[in-house]
Amino acid sequence: MARDRRVKYTKMVLRESLIELLREKPIARITVKELCEKADINRATFYAHYTDQFDLFKQIEAEFIADINSYLDTFTLEQGETGLLQLIVKIFEYVEKNQELCRILLGRSGDMDFQAHIMQIVSKRVFFEWQKRKKVDETVAEYLYTYVATGSIGIIRKWLFAEVQEPPQKMAVLVTRLANKGIEAFIS
């Protein structure tokens with residue numbers, strides 16, 4: 001039991017130290033030695049849990065993805081456009097609650113594979129709504145979704161780094177209106 005707590009503590013300290021270092025520079029410029037010094041953990045302890053700093057970073061991303069999936073799964077959404085708006089509000093609320101980590105994961109030092117995973121999480125839910133409203137060719141739907149998701153991530157980034165952040169509800173309305181009006185010819 002005590003060992004489990006030590007392992008959790010060690011992983012938490014390493015995670016927080018990496019996040020702190022990522023505020024200053026990209027992952028490629030962070031060394032395991034530097035990370036261990038920041039966390040006050042010896043290198044052998046680090047290597048008992050991770051292969052390198054990239055492995056730790058990937059695990060942070062995986063935890064984030066699992067957490068946002070779990071968070072979104074707890075909500076029962078209404079049908080149609082209202083449900084899509086609710087989904088996007090929940091995403092903005094989640095990002096707002098986790099904005100420090102989101103700034104790092106979606107910022108300049110962020111990983112494009114991670115962004116693709118985030119797009120896949122939302123895609124499953126959005127495709128389902130689109131398919132219910134009108135049969136859309138799957139290939140066309142994928143292009144539409146890529147267009148909307150990429151733009152939405154850009155909006156989330158801008159919102160995350162803005163000096164004054166608009167409320168999640170207002171941002172969700174903006175994204176939903178852009179998404180629905182921009183693709184209206186395909187889904188209405």
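Read-outs throughout are calculated quantities, based only on the coordinates presented, and are distinct from any laboratory measurement. Quick caveat: nothing in here was measured; it's all calculated off a predicted structure. Cβ placement follows ideal geometry from the backbone for every residue including glycine, while neighbour counts extend to all protein chains displayed.
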Setting aside same-chain residues fewer than 8 positions from Lys181, which aspartates and glutamates have a Cα under 18 Å from its Cα?
Glu81, Glu129, Glu142
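Residue separation times 0.36 nm, minus the C-alpha to C-alpha distance between Asp67 and Thr45: what's the value?
Working: separation 22, 0.36 × 22 = 7.92 nm, distance 2.58 nm.
Extra length available between Asp67 and Thr45 comes to 5.3 nm.
When Lys and Arg each count +1 and Asp and Glu each count -1, what net charge do the other residues less than 15 Å away from Ile156, Cβ to Cβ, add up to?
Working: positive: Lys90, Lys97, Arg103, Arg108, Arg157, Lys158, Lys170; negative: Glu93, Glu96, Glu100, Glu166.
Within the 15 Å Cβ shell, the charges total +3.
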Taking the alpha-carbon centre of each part, the distance from the range 31-93 to the range 98-118 in Å is 9
Can you compute the modelled spin-label distance between Thr139 and Leu160, with each label point 7 Å from Cα toward Cβ, in nm?
3.3
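For Asp113 and Thr31, what does the FRET efficiency come to when R0 = 25 Å and r is the distance between their Cβ atoms, rounded to the nearest 0.05? Display every interim value, and only then the final one.
On the way: r = 22 Å, r/R0 = 0.88.
My answer for the efficiency is 0.70.
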All aspartates and glutamates inside 14 Å of Lys33 as judged from Cα atoms, apart from same-chain residues fewer than 8 positions distant
Asp52
Exposed loop sites here are GluC sites (Glu not before Pro) in DSSP loop states with at most 10 other C-beta atoms within 10 Å. What is the longest stretch of the chain lacking them?
25-162
Give a residue-ordered list of calculated ³J(HN,Hα) values for the range 51-56 (Karplus: 6.51 cos²θ - 1.76 cosθ + 1.60, θ = phi - 60°; whole Hz; x for Gly, Pro).
7, 6, 5, 5, 4, 4
Provide, in order from the shortest bin, the percent of all Cα-Cα pairs of the chain in each 5 Å bin, continuing until the bin that contains the maximum pair distance.
1, 7, 15, 17, 16, 13, 10, 8, 6, 4, 2, 0
Provide Rg and Dmax in Å for the range 1-108, with only Cα atoms included in the calculation.
16.9, 53
Degrees, to the nearest 10: 138-161 long Cα axis against longest axis of the chain:
60
